[in-house]
1. Which is within 21 Å of B:Asp358 (Cβ to Cβ), in the same structural domain as B:Leu447 (by TED's automatic domain parsing) and modelled with pLDDT under 85, of B:Ala573, B:Ala549, B:Ala514?
2. Quick check on the range B:373-389. Is at least one of its residues within 41 Å of the chain's Cα centre (by Cα), in the same structural domain as B:Ala506 (by TED's automatic domain parsing), within 30 Å of B:Asp515 (Cα to Cα) and not in a strand (DSSP E or B)?
3. What is the residue count in the range B:137-183 for residues that are at pLDDT below 85 and β-branched (Val, Ile, Thr)?
4. Mind listing whichever residues of the range B:199-241 are assigned to a loop (DSSP other than H, G, I, E, B) and either of a type in the set (Ser, Thr, Tyr) or not assigned by TED's automatic domain parsing to the domain that holds B:Thr187 (or both)?
5. Of the conditions (1) under 24 Å from B:Trp53 (Cα atoms); (2) without any contact (Cβ under 8 Å) to a residue 24 or more places away in the chain, A:Tyr251 satisfies every one except a single condition; which number is it?
6. Which residues, counting only those in the range B:41-94, are of a type in the set (Val, Ile, Thr) and at pLDDT 85 or above?
7. Out of everything in the range B:29-60 that is part of a helix (DSSP H, G or I) and exposed (fewer than 13 other Cβ atoms within 10 Å of the Cβ), what residue ends up being farthest from the chain's Cα centre (by Cα)?
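The values are calculated or read from the model by the stated rules, or taken from the named source; none is laboratory data. In this text the structure is predicted, and so the values were computed from the model without any measurement. Glycine gets a Cβ as well: all are built from the backbone with ideal geometry, and neighbour counts include every protein chain shown.
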Amino acid sequence: MPASKKYLQPEALRRISRLELRARHIVEGFLSGMHRSPYFGQSIEFLQHREYAPGDDLRHVDWKVWAKQDRYYVKQFEEETNLRGLLLVDVSRSMSYGSGTFTKFEYGATIAASLAYLLLRQHDAAGCVTFDRDVRGETPLRTNQKHLESIVQLLESVQTDDETDIYGILRRVAEQYPRRGMVTLISDLFVEREPLFRGLRLLRQQGHDVLVFHVLDDDEMEFRFQGPTRFEGLESTARLNCNPRALRQGYLEALEEFLADVRHTCARETVDYALVRTSDSFDSVLAAFLSNRLGMHHRN
Amino acid sequence: MVMPSFLNPLLLWGLALVAVPVLIHLINLLRHRRVRWAAMDFLLASQKQNQRWVRIRELLLLLARMGIIAAAVLMLAQPVLRSSWSRWLGTATTHHVVLLDDSYSMTDRWADTDAFTVAKRSLERMIGQAAVQGVPQSLTLLRFSQAAVDGPPRPDLMAETITADFAPRLESLLAQMEPTDLAIGPTAALQSLETLLGSAAGENRVVYLVSDFRAPQWQEPDELRQQLAKLADEQVRLELVSCVDQSRPNLAIQRIEPLPGNRAAGVPQLVEVTVRNFGSEAVGDVSVLLAEDGSPRPAVVVDQIAAGQSETRRFAVRFPTAGAHHVQASLQSDAVEADNQRHLIIDLPLSVPVLIIDGDADAGDAQFLTWALAPGGPVQTGVAPQVELPRFLDTQPLDRFRVIYLTNIDRLDPTAITAIEEFVARGGGLAFFCGERTDPAFVTSQLYRNGAGCFPLPVLGTAELLVDRLRRAPDLNVADHPVFGVFAGERNSFLQAVVVERYLAAPADWRPEADSSTRVLASLRNEAPLVVEREFGAGRVVAMLTTAAPEWNNWAQNPSFVVTLLELQAYLAGGYEEVRARLVGEPLEVVLDAGDYRPRVRFTGPDRAAGPESVEAASGEHGLQAKLAATNIGGLYTAELTRQTGEIETRRFALNVDASEGDLTTLDGAQLASRLEGLPHTFHPARELELGDLQTGGFQLSEALLFLLIALLIGEQLLAYTVSYHPQSQEVAP
């Protein structure tokens, strides 16, 4: 492991209180450990010339062609803009659970900020939407480097609250961002399955490249509680007094069944799915992201 | 249904601990950790799925843990099942059969107790605890002495049901029991079990042998082994309860006997007393205290008695009056009292009537005999001789005489011969001296009769003994016999001085039959028999084949003649005199002549508290017999007979203990086990005896509880595992 990567462990990063700095640290640390990346430095590629039509942006007129041929042509690129990366961060109350260094929300926000930084650094457009039952905050897609600041501000300002209405959110995103892009959903997915799957399908149908970072806490994965415990729902009023060891097996089975369902559905919908634990180091998350970039590239 | 009882009931307070798992559960409820949880759906799903089973298992787990505590506490409290349903477990009735050793070695005393008291206490303790058992319990108590009686054994308690109020009854019964002076082993008691109780089928029989297990009784335990093997075959449990903790030293007077001699008033009587040291170390300066008719006399001191050895001392007693006289020897107190005393009754007549028949009217020979037997003057021999002619034998009864001397007789009438032979056969003594008138043919044909008569040998005729001028050897060679005690010693001058010239010769080839009672007591230098004896019926006959007067010999001129004749008199009178040593436990029988005595006989024993016992005489083998069966105490017994005239006549008897019981060498558990190898038994020192050891109380539940506890522990672990209280090694797949 490169020396820098050990600073990508959640424990190490916890010390960096500012999300922006943390994001920079993660990305720089991650990238510095890499050799020349095949994914890095991709730029705008020229596609063709097209005759100018009124209304076209004069900035795109190829004046060299006009000088030679006295005709107005505009340059067309393969993509008119950079990659449009929209980060959907779940800020519902369930995300406030955390047994380790970070709560799920903190971890998710760190991922979101890091991805935003990475996108912006590559001159891609990054935008962020925080949501629970409804959209709680939104920054538009921008390529401006300074846009990171507003994303970070958005993430830092939200309070986790309320439960999640996932389908509503995803449908709204699909409507608001009709242009194809990369939609990264960062959530614990503790929602109704059917609306979730419907929402993901909708995004895919829109042509979005969808990434799901399924953030779960170690406790939620392993359920290592002992002794009589009273569980109180974060998003519901359910209460349960129980001996957790007696219920562990059933819980793990139910969880596994859910995870399997999610994995299966994501695979079917060609949604990239990554299950991350709040104890995982961030480089694995970034690696997942970058591999997805490559995959997206190939897919398109 | 009766509840089980507990051997350690105090431990039952520990049952309160059963509440501990519930308390822990309740405390845990209060100590609930609160977790605000996101993934409630999965938890609720799991709970919905598992709820019922988890509840049931958790309840079972709680019950199992409570059960474990309860089982552990109950096991330690040692419950004994005793209720109606314990019958179905095969313990219908527990029948305790106690065989109690009451031989005198049980009086073994130490500290402030003795073996018999220890036995009684352990019995009380055991039965006291049996009384609170639920399983029906019964007790049969048989003392060794009561099993050894003539006729059927007499148990003190016969299959008595043990109830709660039984203990005081037993206590008062035991309080009356004392050890006897008997020397008895367990054999009779074990033998009587079968006749007493029959088969052990259908009951849970436990035989307790409560004894001191003295080594002598277990030396060759073949018979005992057979008895015990029979018990084992019947599935009877055998518990050996030893009441002594160690072997203690003990001295015993083993024997007190009068030496042969003339029994008569005023004649000194020699008595021998033997003291045995049963200890393992030598004992010195042992005083044997003596009393004549209750008056003390100088003690006999034994310097040293080696371990396990006996020493005999001789002393003389003299009673001036006729009648039954009492000699008592006693030792100083030691572990066992009964064998420290021994009694002797010597019945002395005023004088011993003796009949001397002389064939010659001059009675020369008779004169010498009379002088020898009753010299007169201050010397008292106790012999009262009466000189008569042969016809006296035909006409007068001979019963009042003890000994008849026949000297120098030529012939006797057949009636006289019959009378003499009957007299001897009844126990009288007969001495025969030769003389000029003696007819050898008559002696051989009428008195000897080829051995059928009372004369011990055939004779041919008179013979001369060649004179040995050099006197290289004495004329007489005497055998080792009480009659010739005066000649004892090789170079005895008395023997040298006796010269025999003539004698009545036996056939040269005559030898006493090997299997007969005929013995040559003295022979001549030429090996011809001179003094020959034989037993005839109950009496003795001694034939001197020479004269009493110094005619054929010079013996009567020798002082040894008097001594020899007195010894001969004592020896011949011995048929009557012999004092029969009576042992404790033997029935005391008094034979009565119905014509002289009334049939009621009053017996008084040494136990003054018991009081006299009147016995009606019944006709038996020898006429009327009065029998006192209860003679379990050693000492003096008197029988008061009433003559038809109303006159009271008292007879005295001494009953002594069997000294062998005084050997206090006791066996410990290991030694007993080696003697009883292969026979199932359990050995308990009485002092450590607890009911728990004996398992008298029906069905012991402790073992069952132990298995239950193990099963519960295993079950608890399995349950705890299934309720996921054990960390699982497998990790959750991410």
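1. Exactly one residue qualifies, and that residue is B:Ala573.
2. Within the range B:373-389, none of the residues are within 41 Å of the chain's Cα centre (by Cα), in the same structural domain as B:Ala506 (by TED's automatic domain parsing), within 30 Å of B:Asp515 (Cα to Cα) and not in a strand (DSSP E or B).
3. The number of residues fulfilling the criteria is 4.
4. B:Ser199
5. For A:Tyr251, the exception is condition (2).
6. B:Ile56, B:Ile68, B:Ile69, B:Val73, listed by residue number.
7. The selected residue is B:Lys48.
Let's see how each residue does on (1) in contact (Cβ under 8 Å) with a residue 40 or more places away in the chain; (2) surrounded by fewer than 21 Cβ atoms within 10 Å (Cβ to Cβ); (3) in a helix (DSSP H, G or I):
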position	(1), (2), (3)
A:Leu155	yes, no, yes
A:Gln159	yes, yes, no
A:Thr164	yes, no, no
A:Tyr167	no, yes, yes
A:Pro178	no, yes, no
A:Val183	yes, no, no
A:Leu200	yes, no, yes
A:Arg204	yes, yes, yes
